[in-house]
Structures are given as C-alpha cells and as structure tokens.
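These notes concern the structure reproduced below.
Quick note: the coordinates plus some simple rules give every number you see, no bench work behind them. In this text the structure is predicted, and so the values were computed from the model without any measurement. We place every Cβ from the backbone using ideal geometry, glycine too, and count neighbours over all the protein chains shown.
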Amino acid sequence: MEEMPKKSRAFIEGECLKKIAKAWPSNDVQRVEIERLYPEGTGPNWRIRAMHPSLPPMAESEILSQVAHLNQSWALEDE
C-alpha cells in the first residue's frame with residue numbers, strides 16, 4: 001500500500017476549511033482544528049476536532065460527513 005503524502009497541520013486545516021466552504025457556502029466556519037490520532041496500522045492519523053465558531057450539532061454532523069474523506073488524502077506530518 002502506498003503511503004499518504006505528509007502535510008503540515010496548517011495545510012490540512014486550510015484544505016478542510018476550503019472544502020467546508022464549498023460544501024456549505026452559507027456557513028460561518030472561519031477556522032478548523034484537527035487533532036492527531038495514533039492508529040494501529042495504516043489508518044488516518046488525524047481528524048477534525050472542532051470548527052469555529054461552533055455549529056448546531058446537526059449542521060456540524062452533516063459537514064463532517066461531507067469532508068470525512070479528506071483524512072484519506074494526507075497524513076499529518078510529525079510536529
């Protein structure tokens with residue numbers, strides 16, 4: 001299996017924000033925070049932890065489901 005390209009926290013958070021803006025143009029999300037995961041094996045090593053400002057749970061859940069595939073695109077580089 002090919003290793004995912006490693007990217008910085010700032011790059012991944014920026015790409016998530018761009019994708020969220022395209023998926024939900026009327027949203028007020030101005031910043032995205034990711035957190036590192038420590039999977040066994042080769043699974044994704046990050047996920048979206050928070051969006052700022054916070055959204056109602058239903059909207060947040062819908063947005064997260066639309067951008068969930070992004071953690072399959074890049075690995076968070078070692079910090």
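Quick notes
- Cross-link partners of Lys7 among aspartates and glutamates (Cα-Cα below 14 Å; sequence separation of 8 or more within a chain): Glu15, Glu35, Glu77, Asp78, Glu79
- Each Lys and Arg Cβ is given +1 and each Asp and Glu Cβ -1; about its Cα centre, the chain then shows a dipole of about 240 debye.
- Principal axis dimensions, largest first and in whole angstrom, of the chain by Cα: 37, 21, 18
- Proximal aspartates and glutamates to Lys19, defined as alpha-carbon separation beneath 15 angstrom and excluding residues fewer than eight positions away on the same chain: Asp28, Glu33, Glu60, Glu62
- For Arg47, the amide hydrogen comes within under 5 Å of the amide hydrogens of Glu35, Leu37, counting only partners 5 or more places away or on other chains and with H modelled in the peptide plane.
- Relative to the longest principal axis of the Cα atoms of the chain, helix 57-67 runs at roughly 40 degrees.
- Residue-wise HN-Hα coupling along the stretch 22-32, computed from phi with Karplus coefficients 6.51, -1.76, 1.60 (Hz; x: Gly, Pro): 6, 6, 9, x, 8, 6, 9, 5, 10, 8, 10
- In a DSSP loop and with at most 12 other Cβ atoms within 10 Å, there are no chymotrypsin sites (Phe, Trp or Tyr not before Pro) in the stretch 3-79.
- Around Arg9: net Lys/Arg minus Asp/Glu count, Cβ-Cβ under 10 Å: -3
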